Each structure stands twice: as structure tokens, then as C-alpha cells.
Amino acid sequence: MKFAVASQNFRTITPHAGKTRRFLLFEAAPGGEPVDVGRLDMPKEMSMHEFRGSTHPLDAVQVVIAGSAGPGFIARLKDRGIVAVTTTETDPRKAIAAYLIGTLAPPAADEECDCHGHSA
């Protein structure tokens, strides 16, 4: 399974998935260790908040993990066949491993994104 993890600093999971332009890319299977397979470092117009084209680099993954994401981001990815999840976990490898076994911790209600009138 292919994962993209929102990471503006290329080290930890960061919030605001819709505006994120940097993602760590991993491949992982249940029971295995996540393998780092690359990075996305896109221009501003390729953030999902700005993007209006047909083919996007995130189309190559099955799951996007971020610290926060609005309902519009989640819906846009769902329409592309991608699962978007949010978490309080900041370590990308731990988050992927937890996702694969169904224990990834979502953000608490008071930690959700409210940057422009939406939550998570």
C-alpha cells in the first residue's frame, strides 16, 4: 500500500493537509515496516487547496495521513479514490504502522483545524 504523509519539514507529520505541498512517500504492508520511497515537494498551485487539474501526484497513493484536514480535502481525495486520515501522531512511520493495524489515534475535537471555518 502506498502512503503520503503531510510533512512541511520532511521529518514529522504536519497539519493543514489541503495547503501542504510537501509529503513523505512510503510503501507498507500489514506486519511490515514502512519503507521510505520518496518525497513530494510541489509548487503552491499543486496544493489540493489550489489544484484544479485532472491528474495530481497524490493520485499515486492510497492513503494520505496529516495532522489536520478539512472536509473539503477529505472529500476531494475520496473522489480520487484516496483515503485521508488525521492523527495526533507526529512520527510518520509510527502513524503508518498504527493505520495498518487500525489503531491510529485521531485528533481530539479541540485539536481539529478551524483555519477557515471548517473542522478536521
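No lab work stands behind these numbers, since they all come straight from the coordinates. Every value quoted in this text rests on a predicted model; they were computed, and no experiment measured them. For neighbour counting, all protein chains shown are included, and Cβ atoms are generated from backbone atoms with ideal geometry for every residue, glycine included.
At a glance:
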| read-out | value |
| --- | --- |
| Gaussian network model of the chain, Cα within-10 Å springs - most flexible of E45, E27, E89 | E45 |
| Residue-count net charge about V61 - beta-carbon cut-off 11 Å; Lys, Arg +1, Asp, Glu -1 | 0 |
| Qualifying trypsin sites (Lys or Arg not before Pro) in segment 32-109, DSSP loop, other Cβ atoms within 10 Å at most 16 | R52, R80 |
| Relative exposure of V83, V37, V61, V5, judged by other C-beta atoms within 10 Å (fewest first) | V37, V83, V61, V5 |
| Three-way shape label, the chain, alpha-carbon gyration tensor, a/c 1.5 | oblate |
| Fewest-first ranking of S68, S7, S54, S47, using other Cβ atoms within 10 Å as the exposure measure | S54, S47, S7, S68 |
| Sum of side-chain charges, S7 neighbourhood, beta-carbon under 15 Å (Lys, Arg +1; Asp, Glu -1) | +3 |
| DSSP beta bridge pairing in the chain, given as percent antiparallel to the nearest 5 | 60 percent |
